[in-house]
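Data first, discussion second: the structure below is written as structure tokens.
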Amino acid sequence: MQIVDDKEGSPDIRTGCYDKKIRDNDFSIQDVEVVAYDDNSPEKLVDFLLRTKLSDNKDYDELTTILCHIHKIAQIPSLRELNLHLLEKNPKIKSPVVILGKTDPVKEVYRVAQIYPSVDLDVTFDLIDECKARKYNGVLVLNRSAKGTLDFKYNPEEKHYPFEILGLT
């Protein structure tokens, strides 16, 4: 995962992974547009999404995922209800929509779920436990070369810092 320079405009984040569904060792890239739903967002979640990243003047393709980071512990309607509301309000949406939010006021427990085009991937996890279980402590850096190829390097000495420390919450 890599934050994209603001000079590019869109996307906010570019992710990459090996995708065995296509071919062994095939590298898949996904663009992610991030929007924050917080205490200053007066409307309901779906209306907020439709006003921001899913408005008629935005035209993200089906390869760009809209990630809504919920910055407040809020009661979210059922995922199916969110999905139906999006379909009803704007049936022309191309991009997958995923929500991510902290579910515990003290612990680092999060819930992530896809709410469009279908309801999928509804997972609750403890971030600290997951990092410890996977023994994650390094960073993979992705760069696109001048030739358009993707170069990556892994530096086990570089440490991962929680988003809160970087001011990205």
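Bear in mind that the values in this text are calculations on the coordinates, not laboratory data. What you are looking at is a predicted structure, and each value in this text was computed from that prediction instead of being measured. Note that each Cβ is placed from the backbone with ideal geometry, even for glycine, and that neighbours are counted across all protein chains shown.
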*Between Asp6 and Ser118, what FRET efficiency comes out of the Förster formula 1/(1 + (r/R0)^6) with R0 = 35 Å and r the beta carbon distance, rounded to 0.05?*
0.65
*By the scheme Lys and Arg +1, Asp and Glu -1, what is the net charge of all other residues having a beta-carbon under 11 Å from that of Val35?*
0
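Taking every DSSP beta bridge that has both residues in the stretch 2-127, what percent is antiparallel when rounded to the nearest 5? All intermediate terms of the calculation are to be shown ahead of the outcome.
On the way: 19 of 31 bridges.
The antiparallel fraction comes to roughly 60 percent.
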*Which number gives the lysine pairs in the stretch 2-127 that have C-alpha atoms under 16 Å apart and are eight or more places apart or on different chains?*
11
*If we count every other residue with Cβ under 11 angstrom of Leu50's Cβ, Lys/Arg +1 and Asp/Glu -1, where does the sum land?*
+1
*Name the trypsin sites (Lys or Arg not before Pro) in the stretch 61-102 that are in a loop by DSSP and that have at most 10 other C-beta atoms within 10 Å, would you?*
Lys92
*Using θ = phi - 60° and the Karplus curve 6.51 cos²θ - 1.76 cosθ + 1.60, what whole-Hz ³J(HN,Hα) does each residue of the stretch 120-129 get, with Gly and Pro shown as x?*
7, 6, 9, 10, 10, 8, 9, 4, 5, 4
*Approximate spin-label separation Cys17-His71, in nm, with each point projected 7 Å along Cα-to-Cβ*: 2.7
_Arg80 paired with Asp61, simple spin-label distance in nm, labels 7 Å along Cα-to-beta-carbon_ = 3.4
*Relative contact order (percent) for the stretch 2-127, with alpha-carbon contacts under 8 angstrom and 6 or more residues of separation?*
17
